[in-house]
Structure formats: C-alpha cells, structure tokens
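A.B. asks: Below is a structure I'd like to ask you about.
The values are calculated or read from the model by the stated rules, or taken from the named source; none is laboratory data. Predicted model only: the values in this text are computed from it and were never measured. Cβ placement follows ideal geometry from the backbone for every residue including glycine, while neighbour counts extend to all protein chains displayed. Just so you know, the surface numbers come from the protein's heavy atoms only, side chains and all, with ligands and any DNA or RNA stripped out. Shrake-Rupley method; radii C 1.70, N 1.55, O 1.52, S 1.80 Å.
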Amino acid sequence: MLNFLFRSQSYQNELISSSLHDEKTFYQAFLTDLNACRSEAIIESPYITNSRAQQLRPVFLSLIDRDVKVYIITRHPEEHEENLMVQAEGEIAEFEIMGVQVLMCSGNHHRKLAILDRKILWEGSLNILSQGRSREIMRRIESKELTMQMFNFLKLGRIL
C-alpha cells in the first residue's frame, strides 16, 4: 500500500521516520527545531494569542538577530471574535515591529503548519501561535523533498 501512496523509496523511509507529538510534547521539540533555524521559519497558524506569542517572541527575536527570516501566515484579525481579534491585532503589530513578516489571509484560513529551513515540516491540528488547553496532534517530518512538496503545493514561492 505504501508503494502506491509514495513515488519513491526515499519518501517511504522519510515518512516512516517521522515523529508524532501532542500538545504536551510539541513545543519542546518545535522550539528545538526553531532555535536551530539557519535561514527561514514559516509558521501558518490561524489564531494568535498573547500568552503563546509571549512564549515565542524571544525565539523570534533571536532568529531575527541571526538574520533568519521569520514569516507568519495567519487569519485576518477581522475574521475573529472580539477578544481574539484584539489579541491578534496587538501581537501582529509586535511581530512586525520585531521584523517578523506577517501575511494575513481572508476566507476562513485554518491551516496549521511550519516549514523550517525548507527541510523540516510540522503539520497537524495544533495552532502553533495560540494553543492553550485543547488536545492536538502534530507530525514532524525531516525531509527536504516532502517539505518542498508542501511549500510548492501551498504556492508559498509566490508570496515569500
């Protein structure tokens, strides 16, 4: 069955060697990857909260100080309810002052993923910039081929 799903043996091995994380293990692993970035971090998260942004802001500052490009793709704050709208607007402003490039999407944007140095892909159900109490899952795949497959599928080259 896997041979049918994947075009090459290398894709099979990479997917088999991927790791799964939940809301308890995700941030420790993700922050390790994020701190190791050398050129670019792309994070898609529809929601942004003050508490999660506060945790990630020092890491983003460190990346920017090392000339790593940081991109956040998120839902336009006007598509949120009042409390989340206010939090998102404030955090987006803070991120932009720091040097993070924030791209806002309209139309019920709801993807949750990260692409780090175009070789590590995190994807799943966890809102990276807002997760609090919900039960979630994220898969980490270290594969330039699969990461670029996602990058190209989302047509990120047009906007980054």
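A.B. asks: Which net charge results when you count Lys and Arg as +1 and Asp and Glu as -1 among the other residues whose beta-carbon is under 14 Å from that of I128?
C.D. replies: 0
A.B. asks: What are the principal axis extents of the Cα atoms in the chain, in Å, biggest first?
C.D. replies: 48, 33, 32
A.B. asks: At R0 = 30 Å, how high is the FRET efficiency between N108 and V59 if r is their beta carbon distance? Nearest 0.05 is fine.
C.D. replies: E between N108 and V59, to the nearest 0.05, is 0.60.
A.B. asks: Here is a follow-up. Quick one: dipole size for the chain, taken about the Cα centre, charges +1 on Lys/Arg Cβ and -1 on Asp/Glu Cβ, in debye to the nearest 20.
C.D. replies: 560
A.B. asks: Where a ≥ b ≥ c are the square roots of the eigenvalues of the C-alpha gyration tensor, would you call the range 66-126 rounded, which needs a/c under 1.5, or, failing that, prolate if a/b is larger than b/c, or oblate?
C.D. replies: Note, shape of the range 66-126 comes out oblate.
A.B. asks: For the range 111-160 and the range 77-99, what is the separation of their C-alpha centers, rounded to whole Å?
C.D. replies: Between the Cα centre of the range 111-160 and that of the range 77-99, the gap is 21 Å.
A.B. asks: Restricting everything to alpha-carbon atoms, can you work out Rg to Rh for the range 32-95 with a Kirkwood hydrodynamic radius?
C.D. replies: Answer for the range 32-95: 1.00.
A.B. asks: Taking all protein chains as present, what is the carbon and sulfur share of the accessible area of the chain, in % to the nearest whole number, probe 1.4 Å?
C.D. replies: 50
A.B. asks: Which FRET efficiency, nearest 0.05, do A36 and E82 yield, Cβ-Cβ r, R0 35 Å?
C.D. replies: Approximately 0.40, to the nearest 0.05.
A.B. asks: Now for a different question. Given an 8 Å cut-off on Cα distances and at least 6 residues of separation, report the relative contact order of the range 34-151 as a percent.
C.D. replies: 31
A.B. asks: Then there's this: Starting from the range 79-160, pick out the trypsin sites (Lys or Arg not before Pro) whose DSSP state is loop and whose Cβ has at most 11 other Cβ atoms within 10 Å.
C.D. replies: The qualifying sites are R133, R135, K155.
A.B. asks: Solvent-accessible area per residue for the chain at a 1.4 Å probe radius, Å²?
C.D. replies: Computed with neighbouring chains in place, this is 55 Å² per residue.
A.B. asks: Lysine pairs in the chain with alpha-carbon atoms under 20 Å apart, 8 or more places apart or on different chains: how many are there?
C.D. replies: 10
A.B. asks: What is the range 111-160 by shape, rounded, prolate or oblate, if you read a ≥ b ≥ c off the alpha carbon gyration tensor as root eigenvalues and call it rounded for a/c under 1.5, prolate for a/b larger than b/c, and oblate otherwise?
C.D. replies: Prolate, since a/c reaches 1.5 and a/b exceeds b/c.
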